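Below: one structure, written as structure tokens.
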Amino acid sequence: MSARQPIRTLARRATIGAALLAAVTLAQAAIAIQHWTQPDGAQIYLVEAPAIPMVDVQIDFDAGGRRDPADKAGLASAAAGLTSSGIAARGNEPALDEDALGEAWTDLGASFGASAGSDRMSFSLRSLTQADLLARAAQLAARQMGEPAFPDVVWQRDRARAIAALREANTRPGAPAVRVFNRAVFGSHPYGYDTSEETLGRIGVADMRAFYSQRIRACRAKLSIVGAVTRAQAAQLATTLLSRLPAGGCEAGADAPVPEVAPLAKAEDIRIPFESAQAHVYIGQPGYRRADPDHFALMVGNYTLGSGGFVSRLYSEVREKRGLSYSVGSWFSPGLHAGAFGIALQTRPDQAQQAVEVSRDVLARFVAEGPTEAELRAAKDNLIGGFPLLLDSNRKLLGNVANIAWSNLPLDYLDTWTQKVEAVTAAEVRAAFARKLQPQRMVTVVVGAKP
């Protein structure tokens, strides 16, 4: 048996143990989140979960797509992806190409990677907490995060793949529908930027290095940690992980503000002919910021409107009563800025106009009337009943803790979640929807409709 095999076996066994034990340990007790600020300015959020010898870490930076230049949309995502393609040499430490880096993580039985969304760039570490393994994993993660090589040859390959994927996606109606919808809803705001062949073609590794050195700094980090570590161990882990990042850069005025999403001034109806068996329909507008106090009322109300599947009004009216679509739903996507509210469905091109009219009518009536008491009760029961499933593993809990950290939510947010859902009234739902949605000023995009 090789030296690597015992580590890999331990990792597999620990992962299986996590799945079996998490539902028993995490979902039953109050979630105690510890929070403090490190000397370098990084903010730490810790949940001690000693049941299994593993730790999950998420490190978030204000380096998502909202920080992309308009003519280089996709820069944040490209930079995040390329951090796994090699580490630069430093001092006596040799460079590692993407193959050597992948092998190093395999040898540790650990994983580390990065991704970028609209608001943030996130790095995720998973490791056993055996002291020597965790120390080595943290040091390797620190190198990968702090000294990415950004190899041009790999970017040329990855960019070609991304462009090929975009071209392939554009042969189906779904991709252009989403792109046009986002542009119409968000206008010039970065949330509406479109990653295209042109913007990817303008991005070079020099752009990535400049973006990365400006945005990925220790003082900007928010670390969420869940696992079998103490506060002292978590503090040391955070120090190691951030040890190779630039210091400073968080002084007042160092960060240019991103403008808010502008409300829509009028309705817009966009029809794009497309040869396809199904027309893709999107109806929506800017919604709300995650910090908005209406969040719970909007979440509970939207369950009745369109996110509750078979029991939602949209499903009942559009599919069950009229057979216009196999599935239909609505969503809010709040972020640091007002994310989109939307309704989405697919239907036969000759039925698209009827589906649009029915969906608009359902929405307008819900905004005007709100849910019935029976609908409200059903929504609360389903949301509260499903809440433990959001916390039944360390990784799921980590995602929730990271959202608390990123959105500056109260540390007892998870402990009070069910009470806040239960406290929502029908009047509060109606008032919240009336404040946030204007059915008469929404964007409607139909791709695939007959001209």
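The values are calculated or read from the model by the stated rules, or taken from the named source; none is laboratory data. Quantities reported herein were computed from a predicted structural model and do not represent experimental measurements. Methodologically, a virtual Cβ is constructed for each residue, glycine included, from the backbone with ideal geometry; neighbour enumeration extends over all protein chains shown.
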*asked:* So, restricting to helices (runs of 4 or more DSSP H) that lie completely within segment 350-436, which ones have at least 1 residues that are more than 30 Å from Lys321 (Cα to Cα)?
replied: 394-407, 413-423
*What helices (runs of 4 or more DSSP H), lying completely within segment 168-228, carry at least 2 residues that are under 21 Å from the mean Cα position of the chain (by Cα) and of a type outside the set (Val, Ile, Thr)?*
174-186, 205-215
*So, of the residues in segment 17-49 that are within 24 Å of Thr416 (Cα to Cα), at pLDDT below 95 and not hydrophobic (A, V, I, L, M, F, W, C), which turns out to be surrounded by the most Cβ atoms within 10 Å (Cβ to Cβ)?*
Thr25
*Does Gly301 qualify as being under 26 Å from the mean Cα position of the chain (by Cα), at pLDDT below 95 and surrounded by 14 or more Cβ atoms within 10 Å (Cβ to Cβ)?*
no
*Check segment 274-283 and report whether any residue there is among the polar types (S, T, N, Q), closer than 20 Å to Ser188 by Cα and crowded, with 18+ Cβ neighbours inside 10 Å.*
no
*Run Gln236 past the list (1) polar (S, T, N, Q); (2) assigned to a helix (DSSP H, G or I); (3) within 22 Å of Gly370 (Cα to Cα); (4) free of Cβ contacts under 8 Å to residues at least 40 places away in the same chain and report the number of the one that doesn't hold.*
(3)
*Right, Phe387: at negative phi, crowded, with 17+ Cβ neighbours inside 10 Å and of a type in the set (Phe, Trp, Tyr) or not?*
no
*Looking at segment 148-167, which of the residues that are over 25 Å from the mean Cα position of the chain (by Cα) and assigned to a loop (DSSP other than H, G, I, E, B) is surrounded by the most Cβ atoms within 10 Å (Cβ to Cβ)?*
Ala149
*State which residue is nearest to Phe366 (Cα to Cα) when the search covers only segment 275-290 and only residues that are at pLDDT 95 or above and among the hydrophobic types (A, V, I, L, M, F, W, C).*
Ile283
*For residues that are surrounded by fewer than 20 Cβ atoms within 10 Å (Cβ to Cβ) and among the polar types (S, T, N, Q), scanning just segment 168-187, find the one that is nearest to Ala277 (Cα to Cα).*
Thr171
